[in-house]
Amino acid sequence: MRNFKTVLSVVAICALAACSNQGASSSGTKTSEAVGRVDAGPVNYTIETVADGLDHPWSLAFLPDGAMLVTERTGKLKQIAPDGTATLLHDFASGEPYPKVHTAAGAQAGLFDVVLHPDFAENGLIYISYAAEQGDGTNTLSLMRFAYDNADGQPRISNGQQIFAASPSRVQGNHYGARIIFLPDGTLMMPVGDAFHFREQAQKLDNHFGKIIRLNDDGSIPADNPFVGQDGALPEIWSYGHRNQQGIILASDGRVLENEHGPAGGDEINDIRRGANYGWPTASYGLDYSGGRISPYEAFDGTEQSLVHFTPSIAPSGFAQYAGEAFPDWNGDLFLSALALKHVRHVDMNADGSLGKQAELFGELDTRFRDVRTGPDGFLYLLTEDESGPASKILRVRPK
């Protein structure tokens, strides 16, 4: 595996202050609309704590028996029983027998997503993504598959197998992507972030930075991926031109929707299409953290426009489409957990698939939200993130 230990040159910025934008996307999607702060939604809910004392939780998955699997970015995979009792299944910080998780103070690295195989009831397989140390001072996004069982009341994972590792590896600890979804055909998708320092690589097909990959459930490459057989392109790539993708879902209408962090503004919701280029860093609505332009272009021929972009940044994290009976007015709507603005963004889904009115929810808790999920019971579940240490929670949202 190649690795990047040096910072590449940043994208060239047009020297003229009044450079014009180029066209719309190749698919004809209309120009993205900006949304900033919006009003709070009605408080038609109550919130209860399911579990507390978690240390930087990142993702949760619901087990058929009513328990949950939860990842902590610090490296621990836990099972949370229905009564809130936590059981440690594995600490990936140990480095045994699986690759050690990479963590560092102030970095975004760590243990990330956990999802169940669609046939979990028959095969007991779970999938976990994390930043894995490579033994040469670098780390990379790794996708592991495990067997889970709880036959004797003692939950455990075993038979860990790495089925994907992003290339090249890097020494930095930023922008991993790492969410996982399964598609109806049994394949899976996982975003890989641009690693922050290597953003130009998001436009090149010979690496995984700034891409969404599609794999079979064993890590092999589907024959119908868009770049299979193309010289200089990695065959597992499904789409490219992404920055730091933090949520990805299969919507009820069959679309794959994704959210991603922009820099200073320009967070996005995207409709993910086969082989499409989403523009980063050639086209962006965000500014660099220095205040300068990332690019002179907000739209560029051959790139897709987002469905909506958020300025100022809400720092989206988890992503869910509500499906349940507890909140009938929410059915089909989108929910994005937000870190920087400390709320969950509720986005109406119109009947034609377009995005409608937005509202900020749960801001009264004054906390960072790392993940949002619809539970099998029809309630909404939230993961909070307390940056001070093991003081984060799993919350359940019920109708008032």
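The values are calculated or read from the model by the stated rules, or taken from the named source; none is laboratory data. Just so it is clear, the structure is predicted and the values come from calculations on it, not from any experiment. Virtual Cβ from ideal backbone geometry, glycine too; neighbours counted across all protein chains shown. Side chains included, ligands, DNA and RNA excluded: accessible areas come from the protein's heavy atoms. Shrake-Rupley method; radii C 1.70, N 1.55, O 1.52, S 1.80 Å.
Per DSSP helix of 4 or more residues, -39500 (n - 2.57); summed, then divided by the residues of the chain. What does that give at 222 nm, rounded to the nearest 500? Rounded to the nearest 500, it is 0 deg cm²/dmol.
Short to long, the 10 Å bins of the Cα pair-distance histogram for region 201-272 hold 20, 45, 31, 5 percent of all pairs.
The mean accessible area for residues of the chain, using a 1.4 Å probe and ignoring ligands and nucleic acids, is 39 Å² per residue.
Averaged over residues, the count of other Cβ atoms within 10 Å places the peptides 75-86, 242-253 in the sequence 242-253, 75-86, highest first. Shape class for region 130-219, computed from the alpha carbon gyration tensor (a ≥ b ≥ c): oblate, with a/c not under 1.5 and a/b at or below b/c. In the chain, Cα pairs under 8 Å separated by at least six residues give a relative contact order of 17 percent. Could you tell me whether region 355-400 comes out rounded, prolate or oblate from its Cα gyration tensor? Rule is a ≥ b ≥ c as square roots of the eigenvalues, rounded for a/c under 1.5, then prolate if a/b exceeds b/c, otherwise oblate. Oblate, since a/c reaches 1.5 and b/c is not below a/b.
With N as its number of residues, region 22-164 has a Cα radius of gyration that, divided by 2.2 N^0.38 Å, comes to 1.31. Per-residue extension of 0.36 nm, minus the Cα-Cα distance of A40 and I163, leaves a gain of 40.0 nm for this segment. A simple packing score, the average count of other Cβ atoms within 10 Å per residue, orders the peptides 392-399, 160-167 as 392-399, 160-167, with the highest score first.
Across region 112-211, the relative contact order, built from alpha-carbon pairs under 8 Å that are at least six residues apart, equals 20 percent. Ligands, DNA and RNA left out, the accessible area of region 300-393 computed with a 1.4 Å probe is 48% carbon and sulfur. Over all pairs of different C-alpha atoms in the chain, the reciprocal of the mean inverse distance, the Kirkwood hydrodynamic radius, equals 21.3 Å. Rounded to 0.05, the FRET efficiency of the T85 and D301 pair, given R0 = 45 Å and the Cβ-Cβ distance, is 0.20. Mean-square fluctuations from a GNM of the chain, with a 10 angstrom spring cutoff on Cα atoms, peak among G53, G389, G332 at G389.
Cross-linked pairs K357/K400; K76/K393; K78/K393; K357/K393; K342/K393; K211/K357: Cα-Cα separations exceed 24 Å for K357/K393; K211/K357.
Put simply, when 125-131, 339-345 are sorted by average Cβ atoms within 10 angstrom per residue, most first, you get 125-131, 339-345.
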